[in-house]
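This report concerns only the one structure given below.
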Amino acid sequence: MNHIPEYTLNDGLKVPAIGFGTYSLKGEAGVQSIASAFDAGYRLIDTAYNYENEATVGRAIKQSSIAREELLITSKLPGRYHAYDKALVAIQESLYRADLDYYDLYLIHWPNPKQDMYVEAWQALIEAKKRGYIRSVGVSNFLPEHNERLVQETGVAPSLNQIELHPFFDQAKQREQDAKHGIVNESWSPIGRGNDALQDILKDENIVRIAETHGKTPTQIILRWHIQLGSIPIPKAGSLQHQQENIDIFDFELNAEEMQVIASFNHPDGRLWNQDPSEYEEF
């Protein structure tokens, strides 16, 4: 296993440059998948209240021989609990389900701008951090204007923003604006989420050629692209083989021409799941 670099977030928390997504991993099969991810070398694990698998993640942690302090566990606040008091209770419930004393990262899952309570939710996360429920507070799917408002109204910038980021949508402007506040980006579904268009990229002759040049797979090439953009990919994989493949991306580097080949797939609005944060409302 390659040495995994770390980012230091704007509040001092150190996080690995790649994580493991757990969306849809549930029950005993989910526990086993997460356990094998630990074996593959993942230490940053991503879940959410609405994934309904925080208990699965917690069980995998309890069964692991890895010390809790070596793991970084992320969960997320759902839209229906943006009210301050409800948010604090939801965070406590997240901890109870996972049987954890704290989360390393806790994010507001979506801004839900129509209900316009994300600043209140953010204030609750800040309070939860003071109480020791959370080590670092961040957001997910927040646009630059949402983050600007958080900073202006609370004085606290998110440490991390988890966003839709893939070759069709490289989020250059978002990444640039987040960087101004020291916000690290994290890529959800970095190689697709059952999306045929993204899967077709893995078969593209230019991507295949780059992969052959480096002795890697097309999936590894795309994940390496995320790394070189400065965003933390959190791919999900059920099997140990794919988990090991996804994490084995730190022993080579794409050159400028190869990065440009991947950049050529980008579209001004390349969102693939019809989830525009300026309109999308999460329950």
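Details
- Accessible surface of segment 79-233 [probe 1.4 Å, protein heavy atoms]: carbon and sulfur percent: 46
- Using the average count of surrounding beta-carbon atoms within 10 Å as a protection proxy, the listed peptides 170-176, 38-44 rank, highest first, as 38-44, 170-176.
- Shape call, segment 1-141: gyration tensor on alpha carbons, a/c limit 1.5: prolate
- Sites ASP269 and GLU212, calculated FRET efficiency, Cβ-Cβ separation with R0 41 Å, nearest 0.05: 0.80
- For ASN185, residues with placed amide H under 5 Å, excluding near neighbours: ASN161, ILE232
- Axial C-alpha extent at least 27 Å, average Kyte-Doolittle at least 0.0 - helices from the chain (DSSP): none
- Candidates ALA157, ALA179, ALA87, ranked by Gaussian network fluctuation over the chain, Cα under 10 Å, top entry: ALA179
- Given charges at beta-carbon only (K, R positive; D, E negative), |dipole| of the chain in Debye: 620
- Dipole size of segment 133-278 about its Cα centre, with +1 on Lys/Arg Cβ and -1 on Asp/Glu Cβ: approximately 360 debye, rounded to the nearest 20.
- Among GLY21, GLY12, GLY182: highest mean-square fluctuation, GNM of the chain, C-alpha pairs under 10 Å: GLY12
- Solvent-accessible area per residue in segment 229-283 equals 53 Å², computed with a 1.4 angstrom probe and all protein chains kept.
- Within the accessible area of segment 27-72 (1.4 Å probe), percent carbon and sulfur: 43
- Helix-only [θ]222 nm of the chain, DSSP H runs n ≥ 4, -39500 (n - 2.57) each, per residue, nearest 500: -12000 deg cm²/dmol
- Each Lys and Arg adds +1 at its Cβ and each Asp and Glu adds -1 at its Cβ; summed about the Cα centre, segment 93-168 shows a dipole of about 120 debye.
- Average accessible surface area per residue within segment 67-183, 1.4 Å rolling probe, Å²: 38
- Gain upon complete extension [LYS180, GLU148; 0.36 nm per residue less C-alpha separation]: 10.5 nm
- For the chain, dividing the convex hull volume of the Cα atoms by the residue count gives 118 Å³ per residue.
- Taking a ≥ b ≥ c as the square roots of the eigenvalues of the Cα gyration tensor, segment 132-283 is prolate, since a/c reaches 1.5 or more and a/b is larger than b/c.
- Quarter the surface of the alpha carbon convex hull of segment 229-272 and you get the mean projected area, 4.5 square nanometres.
- Spin-label pair LYS173/TYR96, simplified geometry with 7 Å Cα→Cβ offset, distance in nm: 4.3
- Farthest positive-ward along segment 163-283 dipole, Cα basis, beta-carbon charges - from SER189, GLN199, GLN228: GLN228
- Note on ILE126 and ASP11: their simple-model spin labels are 1.1 nm apart, each label 7 Å out from Cα toward Cβ.
- Relative packing of 53-59, 66-72, 196-202, which averages over residues the other C-beta atoms within 10 Å, highest first: 53-59, 196-202, 66-72
The values are calculated or read from the model by the stated rules, or taken from the named source; none is laboratory data. If you're wondering where the values come from, they're calculated on a predicted model, not measured in any experiment. With ideal geometry, Cβ positions are generated from the backbone for all residues, glycine too; neighbour counts draw on all protein chains shown. Please note that ligands, DNA and RNA were not included when accessible areas were found on the heavy atoms of the full protein model with its side chains. Shrake-Rupley method; radii C 1.70, N 1.55, O 1.52, S 1.80 Å.
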